[in-house]
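Worksheet: one structure, shown below.
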Amino acid sequence: MNKTIFCTGVFFAVLAVILGAFGAHGLEKLVPASAQETFKTGVTYQMYHALLLLVVGSVKSIPAEQKKLVYYFIVAGIVFFSFSIYLLATNDLTGFDFNTIGIITPIGGLLLIIGWLLLGFQAYRKFK
């Protein structure tokens, strides 16, 4: 599982770099500045959590089952939070109104928070 977690972190980090470059250079003439900032928020959170996955995949002191739980919450959180932000920021470029699925973003944020809390709880139990 450590390899899977670590490799997923690498994947999301690489994707964040690609999307960040696209947001900085490809979107500037296509969407308003506010949408570009929104897109950047999604990239930033994705990168933070990709780095978290790299750390979780490297730490040996957390039990495998707990790592798996943290992993699932963080991955789902990235997908729901960051990817919904990408869609909302580029809403003007598509025929579909992504504002109708905007509720997914706070759910993704909640999943990220739960992932962090689970990790913190395991660290607290381990380092008493």
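Every read-out reported here was derived from the displayed coordinates using simple, explicitly stated rules and does not represent laboratory data. Bear in mind that the values here come from a model prediction, so they are computed numbers and not experimental data. Here the Cβ is made from the backbone with ideal geometry for all residues, glycine too, and neighbour counts use every protein chain on show.
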**Complete:** In degrees, nearest 10, the alpha-carbon axis of helix 104-126 is tilted away from the dominant principal axis of the alpha carbons of the chain by 20
**Sequence of M47, M1 once ranked by neighbouring C-beta atoms within 10 Å, starting from the fewest** = M1, M47
**Prompt:** For the range 55-128 and the range 1-51, what is the separation of their Cα centres, given in Å?
**Reply:** 14
**Request:** Give me the distance in nm between label points sitting 7 Å out from Cα along the Cα-to-Cβ direction at W116 and A21, one decimal.
**Result:** 2.9
**Item:** Projected label distance in nm at S61 and T41, using a 7 Å step from Cα toward the beta-carbon
**Value:** 3.5
**Message:** Within a 10 angstrom radius of the beta carbon, how do V56, V31, V79 rank from fewest other beta carbons to most?
**Reply:** V79, V31, V56
**Fill in**
Dividing the helical contributions, -39500 (n - 2.57) per DSSP H run of n ≥ 4, by the residues of the chain yields a 222 nm value, nearest 500 deg cm²/dmol, of -24000 deg cm²/dmol
**Complete:** Given a Förster distance of 22 Å, the FRET efficiency implied by the Cβ-Cβ spacing of N99 and E28, rounded to the nearest 0.05, works out to 0.50
**Relative contact order (%) - criterion: Cα under 8 Å, at least six apart; region: the chain** = 29
**Prompt:** Of F81, F98, how do they rank once you tally other Cβ atoms within 10 Å and put the fewest first?
**Reply:** F98, F81
